[in-house]
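This report concerns only the one structure given below.
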Amino acid sequence: MSQIRRGLVDRMGSHTTDPSLVWGIDMHTCDEYCSWSDLGTVFDFSTFAAGATNYLLPWLALTAQLPFETGEYTVVPNVMSFCYALGSPMLITYSLMITILNQHWLRAKFRSLESSHTPGNATAKNARIFLQESQQLPLRLSQEDGNLASLIVLPENADWWRKLRESIQITRRGVTFSLVAQIIVAIVSWMLTVTTGFRSALGNPMEALVMSSGSLWVWLVPVICGWIAVGTQRDYGTIARALYRDMTNIVGASRTPSLDVDVFRLADNKIRRDTFADGYVESPSPRMVALPSQDDIRLLPIRSETSTLRRLSQDSDGVPMALERQKAFKVAQECKLMQPLTRTPREHGPLSLERHADTIPNCLGCSVPGDEKQEGPTFNYARIFTWWNMANRLHQAFERTAANLELRLDVDEKMVPEDLKFKECNLKGDSLHLLRYCGLADTVNGQIMPQDLKEYPEWSELDSGFYQRIVTAIAVGLFVQWGTTGAAIVISYLTEVRGLGCRSGGYMLYGSLGVLSFILLFASSIFSHAAMLRHEAMQRDRLLKEKERGASCFEYYPPPPPPQSPAAFRGLAVVTRMLGRVLVVANAGWLILSSLWELVGFYDNCWCDGTVLSKGWRGWVILFKESSAMAAAARQPWAGGVFLSVFALAGSCSVFWLYCRGNRM
């Protein structure tokens, strides 16, 4: 008894014998009489059921509303999407914010094209909406058969862009009753926990720790609402299916009268010429669109090597028309090194694209691009380079076309006098001329040479706005991560016994691992881009040398050693991504495990209650004070933690809403 009396401490942890000042016992006394080996874990089912119902299960159910869309039977990518979100709120917020900022940048970039009074403004708007929605899919541009230039230049293809936009908008994920119900249940449960804590249990350490644990999950609300606002697809592969559909005819380039008939011309002279006024087409002919019957529509497999399917159909007048699948946008899940358009040995033969199928480079048995090639909104963080390159290049082509039309230039780059109504001339011509008209080809020594449409942009091509968007997205990610995790740390740290203990230390570990896993995965995307950039350049150099040697087929010739081997970048890309994945999976498991430990009473022991993590053996455990005695001291830290959670929730929602305004228009 005398030993217990010597172990009595006051609120500051100092030994005292005054009964009015005694708050608890020191760590030595607690370890001797109340150790884990003596008492074990005290499990109270009613406490577990109440805690799980109040905050854990509603938040876990809400995770079903996170964006997945990685594939119907792809278990691992879906699991990784779940772990990326739970293990690093900063990472999922960064992917969300960079998606929103990309949409905002794209809308500003296309504003002048969409606001112009040219007939191409609607097509530019449809293309912009398609680019906005395509961020969750690894896409790249292709010069194959001049299809991209035809879609950009020829006014008859405006209907194709319109149908593409409609197809993608139809499959957008919207606000559902299940989403609203789950968000309301989670928020109301957390609010009831906070209200109960302030009204009837203010100062109670157990109630404070339940409140702080619930604050760890608050980030789910703004992140899910943000993804709904920015717009994602409700299913896997919807964008790819919309691109490969046969809903409408794609009008290809036709030869000028001085050349032989092009394989992509629509038909014979039965097709009327569209009339032009002031250099612009008045309206496309109804004959230019052939809608196949519903039974005739078939979608190609997404990964099929067959990228085109030609069929002959007839319009109402019996005119044969070539129905083509688009070849302008390629799903880059498999690495295809694409070369410029070249002519076949025939003097006036059609254009064709020589492609070299190349395997995706790997290191240590893992793919170097990694998450960049994986479909799904969660992995948008890894596509910042390739998507920007595709969007920027497509905008340049639309801008060049609009400028040429404004200057009244025909496909031969000759100005049409203003006294002519431009009725005899239209924008149909050789595929090479269409490529040059929209800036996808250059004139070199009197010959039109198509440009290479690379998948990966050079570092020098990235403008300052690109890096500003990255910095802004990182800042918002940090705000959401530490706004919610920091609130949990404040409540648990400043609740008696004050100090860094099991709970506050666990929350700090969760936040730190979330940031560290983001840093590793973000660094992996940087190293991956550097490696793929050099890999693409080396492959093009090798193919060029093979052509110079007159190789009739693509055989492997060892390329000359580069100034700096990309093996280092490949290794860094894979190692940092694997480390980031391990940490993010472990952190997601730690979040769920620590929440369960809180409910089963795992933390109710001398070591955790005495905040030994920061105080060491100077820690102490509360035994002789009710929650009412601690209410005054707990009011400010509790209110501060709740305010920080609400501020993080409201602030992030406001940022997402402000940047998303008007993006769908």
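FYI, it's all coordinate maths here, none of it is from the lab. If you're wondering where the values come from, they're calculated on a predicted model, not measured in any experiment. FYI the Cβ positions are ideal-geometry reconstructions off the backbone, even for glycines, and counts take in every protein chain you see.
Could you give the semi-axes, largest first, of the ellipsoid that matches the range 377-513, computed as the square roots of 5 times the alpha carbon gyration tensor eigenvalues and rounded to whole Å?
They are 58, 15, 10 Å, listed from largest to smallest.
Test of understanding: ordering Asp31, Asp412 by Cβ neighbours within 10 Å, fewest first, what list do you get?
Asp412, Asp31
When you count, for each residue, the other Cβ atoms within 10 Å and take the mean per peptide, how do 520-526, 173-179 rank with the highest first?
Most protected by this proxy first, the peptides run 520-526, 173-179.
Filter the chymotrypsin sites (Phe, Trp or Tyr not before Pro) in the range 70-134 down to the DSSP loop ones having no more than 12 other Cβ atoms within 10 Å, then list what survives.
Of the chymotrypsin sites (Phe, Trp or Tyr not before Pro), the ones in loops of the range 70-134 whose Cβ has at most 12 other Cβ atoms within 10 Å are Tyr73.
Any of Lys330/Lys373; Lys109/Lys373; Lys327/Lys373; Lys373/Lys545; Lys163/Lys327 with alpha carbons more than 23 Å apart? Name them for me.
Long pairs (Cα-Cα over 23 Å): Lys109/Lys373; Lys373/Lys545.
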